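Notes follow the structure.
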Amino acid sequence: MPYIHQATPGQRSGEPANTSAVLRIPGKILPIGLPAVLHDIIPNGFAVRTTVSLSPRTTYQFAFSTEPALKVTARVLQSMRIGDPDGTVWYLTGAEFVDSERERDAISSLIHQATHGAGAETRPASPFLI
């Protein structure tokens, strides 16, 4: 079930909202073809779940299985190892958009699809993205 974070109370009128979504939009990291799943997204970046750690300061193209399919370019900020109680290990990788002006429409569409999914619920933004 996806989650949405709304702007904090006291935010000035007209100020952009800091939204964050937790959901499962599958994708791939190009050119290596590594599977990734969108975990959080805000206007300046996102986090994905991956099976391997990605090197900080490395830029990749991320292709998401949306309708239509969307590609965005982002630079990895950090990749954190996570262990589930069942012993499954995965990485939460945070990245920032690097060409936000040129890819503005793709980023807006990805945010919209991520935050307007069926069953969305409001919750605090992930500190991983702030």
Please work out if Ala17 is at pLDDT below 90 and of a type in the set (Gly, Ala, Ser). yes
Just checking, does the stretch 51-59 include any residue being at pLDDT 90 or above, farther than 18 Å from Leu110 by Cα and crowded, with 20+ Cβ neighbours inside 10 Å? yes
Give all pairs with beta carbons closer than 9 Å in which a residue from the stretch 46-58 that is outside any strand (DSSP E or B) meets a residue that is basic (Lys, Arg); count only pairs at least 6 apart in sequence or on separate chains. Ser53/Arg81; Pro56/Arg75; Arg57/Arg75; Thr58/Arg75
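Give the number of residues within the stretch 66-81 that are farther than 11 Å from Ala47 by Cβ and either part of a strand (DSSP E or B) or modelled with pLDDT of 90 or more (or both).
Pass one, the stretch 66-81, residues farther than 11 Å from Ala47 by Cβ: 66-73, 75, 81.
Those left that are additionally either part of a strand (DSSP E or B) or modelled with pLDDT of 90 or more (or both): 70-73, 75, 81.
Of the residues in the stretch 66-81, 6 are farther than 11 Å from Ala47 by Cβ and either part of a strand (DSSP E or B) or modelled with pLDDT of 90 or more (or both).
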Would you tally the residues in the stretch 82-112 being in a loop (DSSP other than H, G, I, E, B), within 16 Å of the chain's Cα centre (by Cα) and without any contact (Cβ under 8 Å) to a residue 12 or more places away in the chain? 0
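Got at least one residue in the stretch 78-87 being among the polar types (S, T, N, Q) and touching a Phe, Trp or Tyr at 6+ places or on another chain (Cβ under 7 Å)? Please lay out each step first, then the result.
Just the residues of the stretch 78-87 that are among the polar types (S, T, N, Q), to begin with: 78-79.
When the remaining residues are screened for being touching a Phe, Trp or Tyr at 6+ places or on another chain (Cβ under 7 Å), the result is 79.
Looking through the stretch 78-87, at least one residue is among the polar types (S, T, N, Q) and touching a Phe, Trp or Tyr at 6+ places or on another chain (Cβ under 7 Å).
The values are calculated or read from the model by the stated rules, or taken from the named source; none is laboratory data. Predicted model only: the values in this text are computed from it and were never measured. Cβ: placed from backbone, ideal geometry, glycine included. Neighbour counts: every protein chain shown.
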